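Read through the structure below, which is laid out as structure tokens, and then see the notes.
The values are calculated or read from the model by the stated rules, or taken from the named source; none is laboratory data. Computed from a predicted model, the values in this text were never measured in an experiment. No Cβ is skipped: glycine too gets one built from the backbone with ideal geometry, and neighbour counts run over all protein chains shown. These area figures cover heavy atoms from the full protein model, side chains too; ligands, DNA and RNA do not enter into them. Shrake-Rupley method; radii C 1.70, N 1.55, O 1.52, S 1.80 Å.
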Amino acid sequence: MAIDITIVIGGQAGQGILTVGELITLAGQKSGFYIFANNEFESRIRGGHSFYQIRISDHPVEAPDSNVHLLVALNPETFHIHKTKLTSGGIVLTEDAVNSATEQILKVPFNDLAEKTGSKITANAVAAGACLSLLGAPLERFKEIITEQFHEKGTEILNKNLMAAELGYQAVKTESFKWSFKWNPDPPKGVLIDGAKAIALGAIAGDCRMAAFYPMSPATGILVHLTSFSDDFPLVVEQAEDEIAAINMAIGASFAGVRSFTATSGGGFCLMTEGLGLAGITETPIVIVDAQRPGPATGLPTRTAQGDLLFSIHAAQDEFPRFVFAPSTPVEAYETTARAFNLADKYQVPAIILVDKYFTDSLFTTTRPFQAPDVIQNFTATDEDIADPKAYQRYLLTDSGVSPRALPCVGQSLVVVSGNEHREDGHISEAVTDRISMVDKRNAKTHSMIKEMNPPKAYNGESELLLVGWGSTQGAIKESIDLLRSQGVDIGCLIFTDLWPFPYDTSYPALSKAKRFFMVEQNRSSQLGSLIREQTGLTASGSVLKYDGRPFYPSEIVEAITRINRKR
Amino acid sequence: MVDLKDYKSLYENKWCPGCGNFGILAALKDALVKMDIPPQNLLVISGIGQAGKTPHFLNCNMFHGLHGRALPVATGAKIANHGLTVVVNSGDGDCYGEGGNHFLHAIRRNVDITLLVHDNRIYGLTKGQASPTSDLGTVTKIQPHGVISQPFNPLAVALSLGAGFVARAFSGKIDHLSQLIQEGIKFKGFSLIDILQPCVSFNFVNTHDWYNQRVYDLNQAGSVPDNIDEAMKYATQWGEKIPIGIIYKKEKPTFTDRIDVLRQGPLNSRVYDSKRLKTLLSKL
């Protein structure tokens, strides 16, 4: 019997949900299980309803499961909200007076037990201990985790937490739990990492030297991670006064010769769009992450969405080339971010990476290692590369559209750059010939850029029916494919990471193979579906769209596809 | 030795004849030559407006960006290569209107750049609307009943934010302005020079003669205030007598001085080290 258990810990913000969750997550990861964890919270620091959902499995899992096996209700509200998700044999752990004829409720006095340690704050360790006890985890393993987590806080705090863990563990030791499983001392299957950290690491792997940002959920985590690396790398992270400043600082740093970066969410990206155009017309490489959340305006600040695809492709007035990527897993985010820095530099264009709240905040278990590049290719020009540095022209017309990019104050070449339309030497021009040649030059890059694009990733791509998605929904879509195939449906999927310039040459044949294809997206109008129709002339037979701000469960996709199939 | 002709731009000048910008350009060139800064070692960053075009009429490294955004670009460039000599050309609309927020925060950071604000108290490029420094009552096509908002006082604002070098100049006094620009470039930290200039096309009140009759050199006795209270008096003096010169000067650590990682050299000359990343990845 395969192991695939979901634990939900819910309560008010500030009740320590994350601490309980992290302890269970670490215990699972260090025991050789695949872990996936996501958290849902409101835009407030205290109160409300938040929950942390952990999936422990003996096979790779990259999406939340809708069935809950163990529910830790830190308040009665959690029980009432989540009880319908409890699977048969599921248990509710709570200390509150909750009565139910249908659910199995196990009352554990978390706070009273914590008080025995002399510190009420250890209630989190009590709760985690009780969970792991029910799940069948060895107490010693859990004590090792507690020691790792608390040893830096001093012996007293560590000992109190060890005691709390044991009290919680012993409190339910004699209870039987249908979903308990065997914990072998296996080595970790991979690294446990959230999407935000993977992007920050990818920026380092792309030789990012400068990042400017304005705090905005759910992008802030990326900059927090990047900042944590900045003492060990030639890297400056600056909190700007607003997103407009952030992108202009990144442009200034890139112009002066370092790879630069900014990350924001949709609202901040709106403010950045004029700067995006400046990067476009001045041909200054930059990398921008848009961590999507539902909008418009403030929308749902702590929830997830995929509503910015067409916006990111079209953002800023007029036309200029750019890259748009949407990675699906942390390792892919790491590699894609590093690649975005290289490609932005190579083609002197902005590169946009689309992720979302679900992706930046969820913990995944990696299934292949992060590789550090041995060298970083330099795409800038020095005096030695330029025939006559005194006659250097920043926007020299070339067949590829890419001009040698010298840096200011580095050699004899004078670098003249203007966001006004310009001549080859960079000075302003309103001449018809300059305008046409510069527009053509910039857009000529698309011919080579498109050759850099990876095809959509196929999973059972030879099937009669294909689901088509992009970015972070990959995990849920692939799992829904497995479930549907186990029901005998001939179905596969195509997941796009490289979105713009649109990889027509590989997408058209991949999509054409199927009798029908359905879009699966977290927006209301099926934006990738529109893009595919625009770029290939192919039209999806239908779509599964979710825009409630919550991530997809694989079961929702299965139900929707089953419904669509039944109608036919 | 740097010669005036090194800064001669072959690009056609596009300002109105008689514009105050010509005086500012002449003073800037004079300062650069006197300081022996070759064009290859100078980076000029500008925003939008007639002032924003200034670097096109010099011969140097330049970045002519968006309206109001010259200061963030300059900040980014200084992070990438903190040894750069950076001069920013901006205007009253560009710097105090569209880019007002960046003005506040560039001062807070104390980025080591020299900001020249071409302050003609009117919007020239868009043909004569009120600017943040226009006087109350200034009549334009958009403000036919006169400006009803109080004028922005850049000097007082800069002083209140702790700017280390605050000066005012008049585009008609080229030698004096050149001297101020030299002092500003030498100054380690953010230096603001608000330059009063006539707009011959749209401002018919604050003309060359109007300024010429009112300005006086506040540093004539050879003293430069390093006292905020005294500086505030000069910053708020306006009308019959207008002080020009260095209103306040006091050095303190600059933005890039305070960033530890830059002590090992400019970011743009550092070498990628895959070992460091491998170490970081191995600790995950």
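Of note:
- Most simply put, the range A:192-365 has about 10% antiparallel DSSP beta bridges, counting only bridges with both residues inside it.
- Helix-derived mean residue ellipticity, 222 nm - over chain A, DSSP H n ≥ 4, -39500 (n - 2.57), to 500: -11500 deg cm²/dmol
- Spatially, the range B:107-173 and the range B:39-98 are offset by 17 Å when compared through their Cα centroids.
- Cα centroid of the range B:204-233 to Cα centroid of the range A:64-107, whole Å: 75
- Computed FRET value (nearest 0.05) for B:Arg108 with A:Thr147, which takes r as the C-beta separation and R₀ as 56 Å: 0.80
- Exceeding the 19 Å Cα-Cα cut-off - candidates A:Lys346/B:Lys283; B:Lys34/B:Lys173; B:Lys5/B:Lys188; B:Lys29/B:Lys186: A:Lys346/B:Lys283; B:Lys5/B:Lys188
- Paramagnetic reach from A:Ser400 (point 7 Å along Cα→Cβ, amide N under 17 Å) across the range A:340-363: A:340-350
- 38 Å tail of the calculated P(r), chain A, as % of Cα pairs: 36
- Rounded if a/c under 1.5, otherwise prolate or oblate - the range B:4-282, Cα gyration tensor axes: prolate
- D_trans [Stokes-Einstein, Kirkwood Rh over alpha-carbon pairs] for the range A:499-558, 4 °C, 1.567 mPa s, µm² s⁻¹: 104
- Gain in span if fully extended, A:Ser43 to A:Lys173, counting 0.36 nm per residue against the direct Cα distance: 43.1 nm
- For A:Phe323, the amide hydrogen comes within under 5 Å of the amide hydrogens of A:Ala351, A:Ile352, counting only partners 5 or more places away or on other chains and with H modelled in the peptide plane.
- Taken about its Cα centre, chain A carries a charge dipole of about 1620 debye when Lys and Arg each add +1 at the Cβ and Asp and Glu each add -1 at the Cβ.
- DSSP-defined beta bridges in the protein assembly as shown - what % are antiparallel, rounded to 5: 25
- Pairwise alpha-carbon distances in the range A:79-220 exceed 27 Å for 43% of all pairs.
- Those lysines that a straight Cα-Cα span of less than 16 Å connects to A:Lys107, excepting residues fewer than 8 apart in one chain: A:Lys83, A:Lys173
- Cα shape, the range A:192-365, gyration tensor, a/c 1.5 rule: rounded
- Cut-off 16 Å, label 7 Å out along Cα→Cβ of B:Lys141, residues of the range B:187-224 by amide N: B:201-204
- Rounded to the nearest 20 debye, the dipole magnitude of the range B:2-47 is 100 debye, with +1 charges on Lys and Arg beta carbons, -1 on Asp and Glu beta carbons, and the Cα centre as origin.
- Remark: spin-label model distance B:Cys16-A:Gln371 equals 6.3 nm, labels positioned 7 Å along the Cα→Cβ axis.
- Among the lysines of the range A:465-568, pairs that are 8 or more positions apart or on different chains and have alpha carbons within less than 20 Å of each other number 5.
- Fraction of alpha-carbon pairs over 21 Å apart in the range B:202-284 - percent: 61
- Rounded accessible area of B:His208 (nearest 10 Å², 1.4 Å probe): 80
- From the alpha carbon centroid of the range A:351-388 to that of the range A:116-162 is 39 Å.
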